[in-house]
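The values are calculated or read from the model by the stated rules, or taken from the named source; none is laboratory data. Treat the numbers as computed from the prediction; the structure is a model and nothing was measured. Cβ: placed from backbone, ideal geometry, glycine included. Neighbour counts: every protein chain shown.
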Amino acid sequence: MRLDKLLTSLHFGSRNTIKRLLHSKQVTVDGVIITKAGQNVDAMLQDIRVNGRKLCHQTHLYYMMNKPAGVISAVTDKRLPTVMDLLESTDYGKGLYPVGRLDRDTQGLLLLTDNGQLGYQLLRPNKHVTKRYEVKVNGLVTAEDCAAFQAGIIFHGGIQCQPAQLEVLAAASSESHVILELREGKFHQVKKMFLAVGKKVTFLKRIQMGPLILDPALASGGYRALNDEELRQLLPYFTIEKQQSAQHLG
């Protein structure tokens, strides 16, 4: 939400009054004086103060979902059910969307929000957001496979993945069960990585994205609002823009 719209919704006065508040350096966001009315902010994630008084206001929606297999990570689709179809009508909000994509047959953690800036930050390659998956494959995962993932899997055509970590939970000739940790998100990356070492993924579930860990109490297809601790953990990914008109306090 724009800062001026937030202040208007909280009855800080007319547009001109709010401009005067900003120009007189009475508004801070995370300890930084802000004079730009159009700054994107979120009072649930950031410390926003006017004359030292902290604002409390629900400006955005944040849901953790345990995505089931069989639905797609999209807002709408003409042929297939989407994750948005799993929401109660009372929880649906304008601009709400899934952050990133899980394949139709992939399960697990999905963040839904109407905070576009946060979603953008979480998906930026240079943020190196950690993602962890529970994976089952139809073969024996070896020490050589683990070393190949650590070195960076190379796809057909010479495209190289960043180093990834494999933790083997169980391994047999017919099936292996592992935890995969990586920090990028190429198209069908997990499946392609295992195919590169001769294994086919038979089960894939995301259990972590950045600081968010899938709530084990969430049934498949279930969702809930993020709690205060989870929102605080997202703060590093919701950075305000640096402006010539902004300066640090103290």
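Kindly list the number of the only condition in (1) more than 21 Å from the chain's Cα centre (by Cα); (2) over 30 Å from residue 24 (Cα atoms); (3) not small (Gly, Ala, Ser) that fails for residue 51.
Of (1) more than 21 Å from the chain's Cα centre (by Cα); (2) over 30 Å from residue 24 (Cα atoms); (3) not small (Gly, Ala, Ser), only one is false for residue 51: (2).
Can you give me the ranges of the strands (runs of 3 or more DSSP E) entirely in segment 104-176 with at least 2 residues that are of a type in the set (S, T, N, Q)? Step through it out loud before you land on a result.
Values: elements: 107-113, 131-137, 165-171.
Filter on segment 104-176 gives 107-113.
Could you look through segment 55-74, keep only residues that are without any contact (Cβ under 8 Å) to a residue 60 or more places away in the chain and under 16 Å from the mean Cα position of the chain (by Cα), and pick out the one that is surrounded by the fewest Cβ atoms within 10 Å (Cβ to Cβ)?
Looking at residues that are without any contact (Cβ under 8 Å) to a residue 60 or more places away in the chain and under 16 Å from the mean Cα position of the chain (by Cα), I get 74.
Inside segment 85-118, can you point out the residues that are over 28 Å from residue 136 (Cβ atoms) and of a type outside the set (Ser, Thr, Tyr)?
If the condition is that a residue be over 28 Å from residue 136 (Cβ atoms) and of a type outside the set (Ser, Thr, Tyr), then 87, 88, 91, 93, 94, 95, 96, 114, 115, 116, 117, 118 are the ones that fit.
Any residue in segment 143-155 that is modelled with pLDDT of 95 or more and of a type in the set (A, V, I, L, M) sitting within a Cβ distance under 6 Å of a residue that is surrounded by 14 or more Cβ atoms within 10 Å (Cβ to Cβ) and not in a helix (DSSP H, G or I)? List the pairs, counting only those 6 or more apart or interchain.
148/197; 153/161
Residues of segment 182-214 being of a type in the set (Gly, Ala, Ser) and part of a loop (DSSP other than H, G, I, E, B), which ones? Walk me through how you get there before you give the answer.
Taking segment 182-214 as the starting set, the residues that turn out to be of a type in the set (Gly, Ala, Ser) are 185, 196, 198, 210.
Listed by number, the residues that qualify are 185, 198, 210.
Test each condition in (1) modelled with pLDDT of 95 or more; (2) over 24 Å from residue 138 (Cβ atoms); (3) over 18 Å from the mean Cα position of the chain (by Cα) for residue 160 and report the one that comes out false.
(1)
If you go through segment 19-54, how many residues are closer than 24 Å to residue 118 by Cβ and either assigned by TED's automatic domain parsing to the domain that holds residue 229 or without any contact (Cβ under 8 Å) to a residue 60 or more places away in the chain (or both)? Let's see the steps before the verdict.
Filtering segment 19-54 for residues closer than 24 Å to residue 118 by Cβ gives 22, 27-50, 54.
Filter again for either assigned by TED's automatic domain parsing to the domain that holds residue 229 or without any contact (Cβ under 8 Å) to a residue 60 or more places away in the chain (or both), leaving 22, 27, 37-38, 43, 47-50, 54.
Selection size over segment 19-54: 10.
Answer yes or no as to whether residue 8 is part of a helix (DSSP H, G or I) and of a type in the set (Val, Ile, Thr). It would help to see each step written out before you state the result.
Numbers: part of a helix (DSSP H, G or I): yes; of a type in the set (Val, Ile, Thr): yes.
The answer is yes for residue 8.
Going through segment 31-50 one residue at a time, which ones are of a type outside the set (Gly, Ala, Ser) and touching a helix residue (DSSP H, G or I) at 6+ places or on another chain (Cβ under 8 Å)? Outline the logic, then answer.
Let us first name the residues in segment 31-50 that are of a type outside the set (Gly, Ala, Ser), namely 32-36, 39-42, 44-50.
Correct list: 34, 35, 36, 39, 40, 41, 42, 44, 45, 46, 48, 50.
Do you know which residues across segment 68-86 are closer than 22 Å to residue 214 by Cβ, of a type outside the set (Gly, Ala, Ser) and either touching a helix residue (DSSP H, G or I) at 6+ places or on another chain (Cβ under 8 Å) or part of a loop (DSSP other than H, G, I, E, B) (or both)? Steps first, please.
Taking segment 68-86 as the starting set, the residues that turn out to be closer than 22 Å to residue 214 by Cβ are 68-75, 81-86.
Those left that are additionally of a type outside the set (Gly, Ala, Ser): 68, 71-72, 75, 81-86.
Correct list: 68, 71, 72, 75, 81.
In the set 8, 28, which member is at pLDDT 90 or above and either within 29 Å of the chain's Cα centre (by Cα) or loosely packed, with under 14 Cβ neighbours inside 10 Å (or both)?
Details: 8 fails: at pLDDT 90 or above.
From the options 8, 28, the qualifying one is 28.
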